[in-house]
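Take a look at the structure below.
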Amino acid sequence: MKLAEGVLVLDSSKNVPIITVKNLTARFGNNVVFEDVSFEVYKGEVLVIVGESGCGKSTLLRIMIGLQKPAAGQVLYQGTDITHAQEKDLNLYRQNIGVLFQSGALFSSMTVKENIALPLSEYTNLSADAIDQIIKMKLGMVNLAGYENHNPSELSGGMRKRAGIARAMALDPRVLFFDELSAGLDPVTAVELDNLIIKTNEALGTTMVIVTHELESIYKIAHRVLMLDKEAKGMIAEGTPQELKEQATDPRVKSFFLRQLPSAPAEQRFYVN
Amino acid sequence: MTTPLKDDCPPAYQISFKWEDLNLFIYLAGEFGLKNLNAFTDDIKREISRQKAQSVTIDLSEICYLDSAAALALVQIEKGSVSRNIPCRLINLNDEAKGIFSVIHEDALTHLPFHSEKSSDGVIGQVGQASLYLARDFVNFVTFIGELLVALAYTLRNPKTLRGKDVLFYIRRAGVDGLPIVVLIGLLMGLIMAFMSFLQFKQFGANIYVPALVSFAMVKELGPIMTAILVAGRSGSAFAAEIGTMVVNEEVDALQTMGFDPVRFLAIPKVLATVIVVPILTIYADLAGILGGMIIGITSLDLTVKTYLTQSMKTIQVFDVVTSLIKASVFAGLISAIGCQRGFQVRSGAQDVGKYTTSAVVAAIFLIVLTDSIFAVMLYYVKRYSIL
């Protein structure tokens with residue numbers, strides 16, 4: 001019998017959507033960040049959202065994790081609208097997702113172990129021993145075995161991110177969100193994180209939505225890429241990293257993936273695509 | 001909202017046990033995850049301990065949902081069984097299940113923590129630690145006062161280096177914004193004091209002394225102390241939190257690397273602003289207290305405004321007002337200095353900011369009371385010798 005969905009599924013050929021974003025518009029006052037953005041996140045895939053600074057990647061992520069309400073549109077998690085959900089339903093959704101924030105966002109007053117134990121003791125009735133074993137396993141998964149009693153301030157930037165991933169994975173979430181995965185990290189640590197993402201995705205089949213600028217990371221980890229644009233106020237490209245690099249005709253997409261300055265004048269770029 | 005599993009996946013887990021002689025076969029089907037972890041591990045352990053098995057085989061072929069916590073629980077059941085000399089095997093794992101089991105590293109589970117958990121010292125140890133902390137704290141504060149005076153001297157010699165806009169900003173924050181609460185509390189204290197003393201004095205027909213008591217107490221002690229405590233709570237804590245957050249965000253390091261002295265840049269405007277506004281606030285508090293007393297005087301004591309004010313003026317001397325304002329300035333210096341010093345002591349994280357903000361207020365109140373006692377004794381002798 002084939003193992004079904006949940007954390008086990010890694011059958012992207014079926015393209016079963018786990019999150020559906022429908023006609024999403026985000027606005028700060030009169031300033032439209034993006035409008036009418038629609039896409040789907042498929043089970044088991046690693047979806048990377050890219051775009052220049054200020055194009056609304058982080059806003060999109062915040063709406064998808066229920067921290068911000070959109071001006072219009074919906075985000076559906078397995079068919080349930082989370083943008084208009086009650087706090088109780090939103091909390092249930094939040095138990096099915098894990099989020100790694102840019103700085104790791106570990107609670108500085110708690111040790112690494114206490115950080116990871118927090119969701120486990122809050123949402124399960126496991127014994128202290130069982131929680132302890134799960135923490136050790138999660139720390140082993142992110143190569144931080146033995147660091148349970150360290151304070152976040154005693155960890156390096158990369159270690160903090162890995163501890164953040166361990167905390168985000170504490171409840172074995174269906175979807176993991178990463179904001180600026182490798183921002184501010186050295187290349188070796190960034191590669192370690194990339195490998196961790198690939199390993200976790202392959203082993204557990206966890207769906208991942210990642211916001212990043214790092215081209216090398218994108219080529220390595222992304223199954224699919226969405227590109228947002230500040231001027232177009234929306235999505236301008238979607239595809240595998242290779243497709244976007246080799247086949248894109250839009251100068252904005254080409255300049256991003258080829259790491260070149262756009263050659264076309266700004267007015268023209270606005271209307272391309 | 002739920003997370004539906006596959007259509008043909010049973011809504012809950014199912015476990016069937018089969019004994020062949022003394023060999024136990026356990027067949028798992030359905031969903032195995034964090035939510036039902038306690039239940040299914042209890043079921044399996046109960047069956048294993050029911051009678052001494054020669055071997056245990058756990059068949060995972062019908063599992064349709066498994067998470068890493070459930071996989072870990074199965075591995076531990078396997079290990080527990082093996083440790084009791086009962087061979088145990090997990091069989092019929094497909095590729096996805098193998099993937100999940102691959103994240104469980106034996107080394108990580110048995111790895112000893114690099115740091116042991118922090119254990120608390122005994123009573124003697126704690127007293128010792130607290131004493132050392134107090135001593136260090138005193139030295140740090142005195143050192144900071146020294147740094148502050150050096151920075152102040154530099155600013156006085158080079159007035160252009162003073163950040164005037166910042167001084168005005170903190171004058172507004174600590175002074176203008178704090179005025180309503182200072183006046184309100186002063187007024188209420190005057191009211192309460194007049195009312196309570198009226199209740200006692202009326203027994204002796206000494207109502208005429210109520211204005212004297214209220215104005216004397218307000219001007220000499222309560223006005224400066226109350227204002228100082230309010231400023232410690234409002235502004236001392238704000239200074240500590242502001243500088244502390246700047247330390248956490250490495251803004252103080254940035255100032256240093258740009259060649260600025262953080263004490264001169266951050267603390268001097270705050271200290272100067274506080275020293276300027278606290279005496280002014282004290283005057284307002286004194287006046288509000290006298291006004292509060294006057295309200296009771298007029299409504300309950302049948303005194304006229306003129307009588308009340310005359311009685312008040314008789315009691316207060318210029319010496320009292322001047323020393324009260326000097327005292328208020330000293331309080332202001334201490335409050336702002338301790339607020340800034342506690343801010344600079346923050347090292348990392350939100351908890352440190354909270355700790356030192358609290359400490360700034362507590363230490364400021366302690367210093368206010370201590371300094372007030374010193375002033376009381378000192379002023380007694382100053383007045384005595386000046387009379388002689």
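The values are calculated or read from the model by the stated rules, or taken from the named source; none is laboratory data. This structure is a prediction, so every number in the text was calculated from the model and none was measured. Methodologically, a virtual Cβ is constructed for each residue, glycine included, from the backbone with ideal geometry; neighbour enumeration extends over all protein chains shown.
Test A:LEU106 against the stated conditions and say whether it is surrounded by 21 or more Cβ atoms within 10 Å (Cβ to Cβ), at the interface with chain B (Cβ under 10 Å from one of its Cβ atoms) and under 21 Å from the mean Cα position of the chain (by Cα). Answer is yes for this residue.
Identify all residues within segment B:336-355 that are closer than 26 Å to B:ARG264 by Cβ and either surrounded by fewer than 24 Cβ atoms within 10 Å (Cβ to Cβ) or at pLDDT below 95 (or both); write none if there are none.
Of everything in segment B:336-355, those that are closer than 26 Å to B:ARG264 by Cβ and either surrounded by fewer than 24 Cβ atoms within 10 Å (Cβ to Cβ) or at pLDDT below 95 (or both) turn out to be B:PHE344, B:GLN345, B:VAL346, B:ARG347, B:SER348, B:ASP352, B:VAL353, B:LYS355.
Selection of segment A:192-235 for residues being touching a residue at least 24 places away in the same chain (Cβ under 8 Å) and within 20 Å of A:LEU155 (Cβ to Cβ) yields A:GLU192, A:LEU193, A:ASP194, A:LEU196, A:ILE197, A:THR200. Take A:ALA237 and decide whether it is farther than 20 Å from A:LEU139 by Cβ and either in a loop (DSSP other than H, G, I, E, B) or in contact with a Gly (Cβ under 8 Å, 6 or more places away or on another chain) (or both). Considered against the rule, which asks whether it is farther than 20 Å from A:LEU139 by Cβ and either in a loop (DSSP other than H, G, I, E, B) or in contact with a Gly (Cβ under 8 Å, 6 or more places away or on another chain) (or both), A:ALA237 comes out as no.
Of all the numbered requirements in (1) under 30 Å from A:ALA130 (Cβ atoms); (2) surrounded by fewer than 12 Cβ atoms within 10 Å (Cβ to Cβ), B:HIS111 misses one, and that requirement is (2).
A single member of B:VAL247, B:VAL231 is closer than 21 Å to B:ILE185 by Cβ and in contact (Cβ under 8 Å) with a residue 24 or more places away in the chain, and it is B:VAL231.
If you go through segment B:29-68 one residue at a time, how many are under 29 Å from A:ARG174 (Cα atoms) and more than 12 Å from chain A (Cβ to nearest Cβ)?
5
Looking only at residues in segment A:76-101 that are more than 11 Å from chain B (Cβ to nearest Cβ) and in contact with a Gly (Cβ under 8 Å, 6 or more places away or on another chain), the one that is surrounded by the most Cβ atoms within 10 Å (Cβ to Cβ) is A:LEU100. Assessment of segment B:103-113 against the conditions (acidic (Asp, Glu) and closer than 30 Å to B:ALA70 by Cβ) yields at least one matching residue.
If we only count helices (runs of 4 or more DSSP H) wholly inside segment B:282-388, which ones have 2 or more residues that are within 21 Å of the chain's Cα centre (by Cα) and within 14 Å of another protein chain (Cβ to nearest Cβ)? Reasoning before the result, please.
Values: elements: B:305-315, B:318-345, B:349-387.
Qualifying helices (runs of 4 or more DSSP H): B:349-387.
For the residues A:ALA170, A:ALA203, A:ALA163, the requirement of being part of a helix (DSSP H, G or I), small (Gly, Ala, Ser) and closer than 20 Å to A:ALA117 by Cβ singles out A:ALA163. Just one residue in the set B:ALA71, B:ALA153, B:ALA108 is more than 11 Å from every other protein chain (Cβ to nearest Cβ) and either part of a helix (DSSP H, G or I) or in contact with a helix residue (DSSP H, G or I) (Cβ under 6 Å, 6 or more places away or on another chain) (or both); that residue is B:ALA153. Of all the residues in segment A:113-142, those that are part of a loop (DSSP other than H, G, I, E, B) and either facing chain B (nearest Cβ under 8 Å) or surrounded by fewer than 16 Cβ atoms within 10 Å (Cβ to Cβ) (or both) number 4. Looking at segment A:143-157, which of its residues are outside any loop (DSSP other than H, G, I, E, B) and either more than 7 Å from chain B (Cβ to nearest Cβ) or at positive phi (or both)? Listed by number, the residues that qualify are A:PRO152, A:GLU154, A:GLY157. Residue selection: A:ALA170 satisfies the criterion of being surrounded by 23 or more Cβ atoms within 10 Å (Cβ to Cβ) and either within 13 Å of chain B (Cβ to nearest Cβ) or closer than 20 Å to A:ILE97 by Cβ (or both). Considered as a group, the residues in segment A:198-217 that are of a type in the set (A, V, I, L, M) and modelled with pLDDT under 90 include one that is farthest from the chain's Cα centre (by Cα), and that residue is A:ALA203.
Looking only at residues in segment A:178-187 that are surrounded by fewer than 22 Cβ atoms within 10 Å (Cβ to Cβ) and not small (Gly, Ala, Ser), the one that is modelled with the highest pLDDT is A:ASP179. Filtering segment A:100-148 to residues that are farther than 27 Å from A:LEU185 by Cα and among the aromatic types (Phe, Trp, Tyr) leaves only A:TYR123.
In segment B:86-96, which residues are touching a helix residue (DSSP H, G or I) at 6+ places or on another chain (Cβ under 7 Å) and part of a helix (DSSP H, G or I)? The one that is touching a helix residue (DSSP H, G or I) at 6+ places or on another chain (Cβ under 7 Å) and part of a helix (DSSP H, G or I): B:GLU96.
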